[in-house]
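> Take a look at the following structure, please.
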């Protein structure tokens, strides 16, 4: 049986991207994306709801572009996969955190506003945007990420 793990979200950044450093100069970038929906109850009341999604970007080229071009409020479309990690917080509590990981072929981040759109489109067409083999960083301290 085939398994598929793909996440697609479109929304706005909730905070500026954060760079998290690892030994040997490796790094990842994290940010959150808000998606909004509204619905009307049977009584006619309109309810607005915001869902927050944590995103982790692996691979130095794409991560550097995220740091360069995205800011709180930027509109993005993210394609990645869901990854859940267990961690122990500073107070000793066991936790789990699910993020949208952008780390391989078929994964991408579309920058939907600002001056970066044309420049990034040219990079994408040239093939320079994708890190063909992003470094695997297996142990991420999610207690301090995103």
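Bear in mind these aren't lab numbers, they're just calculated from the coordinates by the rules spelled out. Bear in mind that the values here come from a model prediction, so they are computed numbers and not experimental data. Using ideal geometry, Cβ is built from the backbone for each residue, glycine included, and neighbour counts are taken over all protein chains shown.
> Just order 70-80, 53-63, 21-31 by mean Cβ neighbour count inside 10 Å, highest at the front, would you?
Order by mean packing, descending: 53-63, 70-80, 21-31.
> Sorted by average packing, counted as other Cβ atoms within 10 angstrom per residue and highest first, what order do 96-109, 6-19 take?
My ranking of the peptides, most packed first, is 96-109, 6-19.
> Still on this structure: When the distances between all Cα atoms of region 22-127 are binned every 10 Å from zero, what whole-number percent does each bin get?
Computed distribution, short to long bins: 12, 36, 30, 16, 6, 1.
> Stretched out fully, how many nm does the piece from residue 18 to residue 48 gain, at 0.36 nm a residue minus the Cα gap?
8.0 nm
> Set the Förster distance to 25 Å, then compute FRET efficiency between residue 122 and residue 77 from the Cβ-Cβ distance, nearest 0.05.
0.85
> If you don't mind, another one. Starting from the 7 Å offset along Cα-to-Cβ, what nm value, one decimal, do you get for the label separation of residue 26 and residue 87?
Placing both labels 7 Å along Cα→Cβ, they lie 1.6 nm apart.
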